[in-house]
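Written below as structure tokens is the structure these notes are about.
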Amino acid sequence: MAYILLAIIGAISGIMGSIVGLGGGTILVPLTLLVGINLGWIPGITPQSVVGISVIMMIFNGLSSTLSHMKGKTVDFRTGWIFFAGSIPGLIIGAFVNKGIDLQSFNLYFGILLIVLSILLLTRKYLKPIRWFVDHGKPITFIDKNGETHVYGYPIWVALILTFIIGFASGLFGIGGGTMIVPALILLFLFPPHVAVGTSMFIVFLSAIANSATHISLGHVPWLYALPVIPGAYIGGMIGTKLNKKMNSDTLVLVLRIMLLLFGIRSIIEGIWG
């Protein structure tokens, strides 16, 4: 029963995460906490083991989604490697902090993070584009499938600072960083949404490898529970990427902010009242 539930959760997480570039951890973590701890359907599960399952899942979800996005040429590899390099110290520190966090605190902080990110996206249309980062960085030109030209960019030092913070949150919560990377790429660096999602999934893939190494060394990965999640996440990643290509940019952002808001509210409620 537990293995079937985890395989289904992995597939759902892979599909939804790949649609909006989250890497699936934002979906898998609250769903597994709900099914495993609140409902008691997965014996022996803890916040630490849920994070361990999540980081393993994101390797395969990120890989399948990246391969699919590469076919559509919506992956900025240079940005991916820069963001990955900046995130490594944060990933390691976040994983060690996770070791001592209890369930209610985990839910509360995780929920606050998701609410903040959803508010940023909800107010995106009402905010003026922040061109400072593009003007003070190396401009990058992208021509989409409709022939429209987009110019985006960022200073490398800003990217390194930002990704250290994102890496810390990723190591702490097991969310892959895509939850924060996509809004940052869209709102601050003016990435086209489809390129932001494709690049985010490449970063999620790289970060998940480093993140999983740390969590494995800390004993956070229950392999019997992680294994059924892997095929679901891989297949879900391919399905989610195909859906992503058929959706317009406004729809992508709408899906992202609704998902973050709902999960954020639920996590805060669980964190306060248990």
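Look through the stretch 48-80, keep the residues that are within 21 Å of residue 91 (Cα to Cα) and among the polar types (S, T, N, Q), and return whichever of them is surrounded by the most Cβ atoms within 10 Å (Cβ to Cβ).
The extreme case among them is 61.
Which residue is nearest to residue 8 (Cα to Cα), if the candidates are limited to the stretch 189-223 and must be in a helix (DSSP H, G or I) and free of Cβ contacts under 8 Å to residues at least 60 places away in the same chain?
By that ranking, first place goes to 223.
With touching a residue at least 40 places away in the same chain (Cβ under 8 Å), over 13 Å from residue 240 (Cα atoms) and open to solvent by 10 Å² or more (accessible area, probe 1.4 Å) as the only criterion, which of 25, 44 stands out?
One residue alone meets the criteria, 44.
Regarding residue 175, is this residue in contact (Cβ under 8 Å) with a residue 60 or more places away in the chain, closer than 29 Å to residue 53 by Cβ and not in a helix (DSSP H, G or I)?
Here the answer is yes, as residue 175 does meet what is asked.
Applying the selection to the stretch 120-155, what residues are open to solvent by 90 Å² or more (accessible area, probe 1.4 Å) and part of a helix (DSSP H, G or I)?
125, 126, 132, 135
Quick one: residue 100 ticks every box in (1) open to solvent by 90 Å² or more (accessible area, probe 1.4 Å); (2) under 30 Å from residue 217 (Cβ atoms); (3) assigned to a loop (DSSP other than H, G, I, E, B) except a single one, so which number is it?
Condition not satisfied by residue 100: (1).
Would you confirm whether or not the stretch 254-269 contains a residue that is assigned to a helix (DSSP H, G or I), exposed (fewer than 15 other Cβ atoms within 10 Å of the Cβ) and among the small types (Gly, Ala, Ser)?
No, the stretch 254-269 contains no residue that is assigned to a helix (DSSP H, G or I), exposed (fewer than 15 other Cβ atoms within 10 Å of the Cβ) and among the small types (Gly, Ala, Ser).
Within the stretch 187-228, how many residues are open to solvent by 10 Å² or more (accessible area, probe 1.4 Å) and touching a Pro at 6+ places or on another chain (Cβ under 9 Å)?
Residues meeting the conditions: 2.
The values are calculated or read from the model by the stated rules, or taken from the named source; none is laboratory data. Keep in mind that what you see is a predicted model, and the values were worked out from it rather than measured. Note: ideal-geometry Cβ built from the backbone for every residue, glycine included; neighbour counts use all protein chains shown. The protein model used for the area step is the full one, side chains on, heavy atoms only, and it has no ligands, DNA or RNA in it. Shrake-Rupley method; radii C 1.70, N 1.55, O 1.52, S 1.80 Å.
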